[in-house]
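Working notes, beginning with the structure itself.
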Amino acid sequence: MSNTSVFQNPQPHKDTTKPNIVLPKNATDCHCHLFDDPIKYPLIKNPAYLPPSVLIADYLKVIDTIGIERAVIVHANVYGLDNSLALDVIASAPDRFRAIGLVDESITDKELERLHLGGVRGFRCNLVNQIGLSLDAAKKLAQRVKQYNWHTQFLLDVEKFPNLTETFADFPIDVVIDHMGRPVIEKGVEEKGFQSLIAFLKTGKGWSKLSAPYRTSKDPLQYRDIIPFAQALVEAVPDQLVWGFDWPHVNMAPGTPMPDDGELVNQIAQWIENPSSLQKIMVDNPTYLYGF
């Protein structure tokens, strides 16, 4: 196949700086995309993007540098429904890794059980790029995985969902919203969609990830305009949040500068000022949500 028109992701910083803050024991990255040898883990035909040339070993080096001990692998859609890479990483260190898989309606009960035993704790739906399951299909599949205490992870834009509590009122399992709901910076924290995210998280049925500020920030590398959104979430619902640094930062808008992962960790100190909330968001909440 020809990949001339497919976006080639730039390389992340493999030699990340050591952050200034020390994270608590068992600090968890709840959002990474891992890639490895394309011969062993081939991409699907016509992938949405071409990943950078990185290996699992590169990620392990980064998290060792920044003080992360556990991680949740969000299965990359360039591998389609083959979750082998995530399962192999979990098998290499079962106490250290979990995963969010990519599945469709045709998956068998036997395969769902295999994924659960392999350390998968949920499935992802991309409502931004319309990749994977629709909302209705996700609801049906959620009923099947309820027995495993899985959750569904949604990539969506909160301004398009002014009442998330109503949207997910009859959803049979917990729902995790990626990247703080990708808020619109110019509309501020009082924007109806962002406030609906806070209200949904307060029900206890919803969760969100403090992650990927560069997806919506207009302040490259500093991301100061994201601070009010992160702080609003932490102040309102610290029991319903987890953190992730979205390595290796794929599918960023063209021209977006590559973040330094040590600096992303430093921003945690601006987002989460209370030590008790830091312990919850970095350790206790992931322990519960992903079954570490």
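Bear in mind these aren't lab numbers, they're just calculated from the coordinates by the rules spelled out. Because the structure is predicted, anything quoted here is derived from the model rather than measured. With ideal geometry, Cβ positions are generated from the backbone for all residues, glycine too; neighbour counts draw on all protein chains shown.
Just one of 70, 124 is basic (Lys, Arg), within 18 Å of residue 244 (Cα to Cα) and touching a His at 6+ places or on another chain (Cβ under 9 Å); which is it?
Exactly one of 70, 124 is basic (Lys, Arg), within 18 Å of residue 244 (Cα to Cα) and touching a His at 6+ places or on another chain (Cβ under 9 Å), namely 124.
Considering only residues of the range 88-106 that are among the aliphatic types (A, V, I, L, M) and surrounded by fewer than 17 Cβ atoms within 10 Å (Cβ to Cβ), which is nearest to residue 263 (Cα to Cα)?
Among residues in the range 88-106 that are among the aliphatic types (A, V, I, L, M) and surrounded by fewer than 17 Cβ atoms within 10 Å (Cβ to Cβ), the one nearest to residue 263 (Cα to Cα) is 93.
Could you tell me which residue of the range 143-164 is farthest from residue 108 (Cα to Cα), considering only residues that are free of Cβ contacts under 8 Å to residues at least 40 places away in the same chain and in contact with a Ser or Thr (Cβ under 7 Å, 6 or more places away or on another chain)?
Result: 162.
Hey, could you check the range 66-87 for residues that are more than 16 Å from the chain's Cα centre (by Cα) and farther than 26 Å from residue 7 by Cβ and say which is surrounded by the most Cβ atoms within 10 Å (Cβ to Cβ)?
Per the stated criteria, the residue is 66.
I'm trying to understand the selection: among the residues of the range 39-75, which are within 22 Å of residue 115 (Cα to Cα) and part of a loop (DSSP other than H, G, I, E, B)?
40, 41, 42, 43, 44, 75
How about the range 231-267: which of its residues are within 14 Å of the chain's Cα centre (by Cα) and among the charged types (D, E, K, R)?
246
Do you know which residues across the range 206-232 are in contact (Cβ under 8 Å) with a residue 40 or more places away in the chain and in a loop (DSSP other than H, G, I, E, B)?
211, 212, 221, 223
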